[in-house]
1. With respect to the numbered conditions (1) assigned to a loop (DSSP other than H, G, I, E, B); (2) at pLDDT below 85, which one is the sole condition not fulfilled by residue 348?
2. Can you name the residue in the range 201-217 that is of a type outside the set (A, V, I, L, M) and in contact with an Asp or Glu (Cβ under 9 Å, 6 or more places away or on another chain) and, of all such residues, is surrounded by the fewest Cβ atoms within 10 Å (Cβ to Cβ)?
3. All but one of (1) among the small types (Gly, Ala, Ser); (2) modelled with pLDDT of 80 or more; (3) under 58 Å from the mean Cα position of the chain (by Cα) hold for residue 309; which doesn't?
4. Can you name the residue in the range 245-274 that is among the hydrophobic types (A, V, I, L, M, F, W, C) and part of a helix (DSSP H, G or I) and, of all such residues, is farthest from residue 306 (Cα to Cα)?
5. Before we move on, is residue 161 in contact with a Lys or Arg (Cβ under 8 Å, 6 or more places away or on another chain), more than 30 Å from residue 278 (Cβ to Cβ) and buried (at least 18 other Cβ atoms within 10 Å of the Cβ)?
6. Any residue that is under 23 Å from residue 159 (Cβ atoms) and of a type in the set (Lys, Arg) - is there at least one of those in the range 428-444?
7. Could you check residue 217 against (1) under 29 Å from residue 240 (Cβ atoms); (2) out of contact with any His (no Cβ under 9 Å at 6 or more places or on another chain) and say which number it fails?
8. I'm told residue 242 meets every condition in (1) surrounded by 13 or more Cβ atoms within 10 Å (Cβ to Cβ); (2) touching a residue at least 40 places away in the same chain (Cβ under 8 Å); (3) over 30 Å from residue 137 (Cα atoms) except one. Can you identify the failing condition by its number?
Amino acid sequence: RFVPPGADPAVGSGAAGTDGADASGPSWPASVDGTVAERGNPASSVGGHGRVRAWARTLGRWRSTATRWASAPGALRTWALTLVLTVASAGLVAMGWSRSMVDRSVTVPELIGRSADDAAATLVQAGLRVDPHPLDAEGSAGDVLRLDPAPGSTVRPGRTVRLEYVRADEGGATQTVPSLTGRPLAEVGARLAEVGLRPGDVARVPARLPAGTVLAQRPAAEERAAPGGSVHLLVSDGPSPERTFLPDLGGMPVDEARRWARLAGLPADRIRVDAVTVPDAEPDQVVGMTPAAWHPFRLDGTTVRLLVADPRVDEEETTNDASGGARMLDLVGLSRDDALDALRSAGLQAQERRAVNAALPRGVVSHDPPPGAPVGGGPVRLLVNVHPVALPSPDPTVRIVTPSLRWMPYRFLIEPGIPAQTAVITARTADGEATQVLERDVAGGDVLEGAWPTLRPGPVTFELTLNGVPYADARINREVPEP
């Protein structure tokens, strides 16, 4: 307050108000005689008027503040009021948002049987994330099979829902394979054509069912196959024929050789004996046979041929016809060396051609000119069968490698401009096992890199998803040192 020169500071001044109070700050009421009343002692004032004057001074200060505020510029008043209202509104919104985030929940909808695309869109609209998993199962392609958490479950917003559905190459994109077992092979083609399939490989095995009857199929009945796919068949070749074999009859007397052929189950009318001239061979001794010794053959329809040395047969009579022309010897069934010796003895040349057929006996299987035909001036062309040489069995070695820890690197760049999202990196080994490596919030321009340890051999594929949607993947074959 202002005190005139020479005036008593304790005495009120008219310039400061009738009571001498300091307009710039609080003061205690003064008494009538100019002294200051004691704080908290109303008795020090005269008749209680001091308290009335104190309240009057307080009201005066409030009125002075209001007057100054009213005289302030309009823009300042507007700014101050806007600031107060903005702070108050922000507080209310924050309180409401916090309460809604705590109290809000989402119920997983019933989506079983719907298409995977529709189901995924519904889950995203409900505030959930989607983890798609295609499965090989029956049903229409893309149909939802199951959800985890199950439909009806109450979860928080942002929860990831595992969505399992029928793989695209299954279900509606395939055909049900009909049952073909027991059908004749002649009817199979038409039956498969009705469902858009076709016969595949046909294997035949002996069986008690009639020849041509389907014994088994692959794919099996009621399985599914792609349109135009093949169904492989196992077909009966009829009852297995009775088979037998002969020991080596070479060097035996012809009568003993006949007896062995009868013991093998051959009737007498299918044992043929042909006399041939073989130098230095004992009379009536078997010098060749067909089928070959120890070679199994079908008992029905097979004729055993025994070549017997007969020195009583004059070579001129066997190799020349009545007009004196040379006739071809019968060399079928002889070994290669025996056939060449017989041709040299007859003064004929040989031209040899070889065949490899394990189903036929070794030796001469045919020749040209045929047996008994006139011999021309050219060489005799022999077809000699040789059995394939058995390859030695391999001796594989197995080396068991102890698994070692490998660190596989990964690095992904989030393209600039992509808003904040949740990134998940999954590592998938060569045997198909998937492991989540990283989950964090990212935005455009971020780089996700690191190294993941594994004991499994082979390459590792890292897959990056943003908010559950595939974004990038990388197949890694190289290792890095342990970080």
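1. Every condition holds for residue 348 apart from (2).
2. 206
3. (3)
4. Among them, the one singled out is 263.
5. Values: in contact with a Lys or Arg (Cβ under 8 Å, 6 or more places away or on another chain): yes; more than 30 Å from residue 278 (Cβ to Cβ): yes; buried (at least 18 other Cβ atoms within 10 Å of the Cβ): yes.
Here the answer is yes, as residue 161 does meet what is asked.
6. Scanning the range 428-444, I find at least one residue that is under 23 Å from residue 159 (Cβ atoms) and of a type in the set (Lys, Arg), so the answer is yes.
7. Result: residue 217 fails condition (2) only.
8. It is condition (1) that residue 242 fails.
The values are calculated or read from the model by the stated rules, or taken from the named source; none is laboratory data. Here the structure is a predicted model, which means the values were calculated and not measured. Cβ coordinates were reconstructed from backbone atoms using ideal geometry, including for glycine residues, and neighbour counts include every protein chain displayed.
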